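Remarks on the structure that follows.
The values are calculated or read from the model by the stated rules, or taken from the named source; none is laboratory data. The structure presented is a predicted model; accordingly, all values stated were derived computationally and were not measured. Reconstructed Cβ throughout: ideal geometry from the backbone, glycine too, with neighbour counts over all protein chains shown.
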Amino acid sequence: MPIRHAIWKVGTKPEPLAEVSLGKEALLEQMITEDPTILSDRWLLIGRQVRTTHGGFIDLLALNQDGQLIVIELKSKILVSRLHIDKKAVPYGPHPRTNPLSVHAAR
């Protein structure tokens with residue numbers, strides 16, 4: 001049986017917020033770029049569509065307060081209720097073996 005999560009607005013009566021499909025990763029990426037605190041107020045966003053030495057791209061790259069790299073991979077099937085993102089922007093870091101010199105800004 002699948003597990004469903006809901007986000008509720010609590011007032012005089014609890015109400016579930018509507019779920020909407022975000023559709024494009026680019027829109028989510030733009031939202032996070034404009035307001036990185038959507039993910040964390042403790043991360044500094046340092047790159048967007050960063051080219052790797054392996055020919056791929058990192059959607060978003062951030063640093064945490066300890067200077068460790070945070071690699072963020074965005075998924076296109078996202079459920080959003082207002083500005084809440086149900087953890088579908090997946091942080092893959094910090095990774096102790098990540099070498100900051102192995103990523104290059106995309107041109």
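Annotations
- Across segment 54-76, the qualifying residues are those that are part of a loop (DSSP other than H, G, I, E, B), at pLDDT below 85 and of a type outside the set (Gly, Ala, Ser), and the one among them that is surrounded by the most Cβ atoms within 10 Å (Cβ to Cβ) is 75.
- Filtered residues of segment 13-36 (kept if among the hydroxyl-bearing types (Ser, Thr, Tyr) and modelled with pLDDT under 90): 21
- Close contacts from segment 32-46, counting a first residue that is in contact (Cβ under 8 Å) with a residue 40 or more places away in the chain and a second that is of a type in the set (Gly, Ala, Ser), with Cβ to Cβ under 7 Å and a gap of 6+ residues or different chains, come to 32/89; 39/89.
- Any hit, segment 77-97, residues being among the β-branched types (Val, Ile, Thr), at pLDDT below 90 and touching a Gly at 6+ places or on another chain (Cβ under 9 Å): yes
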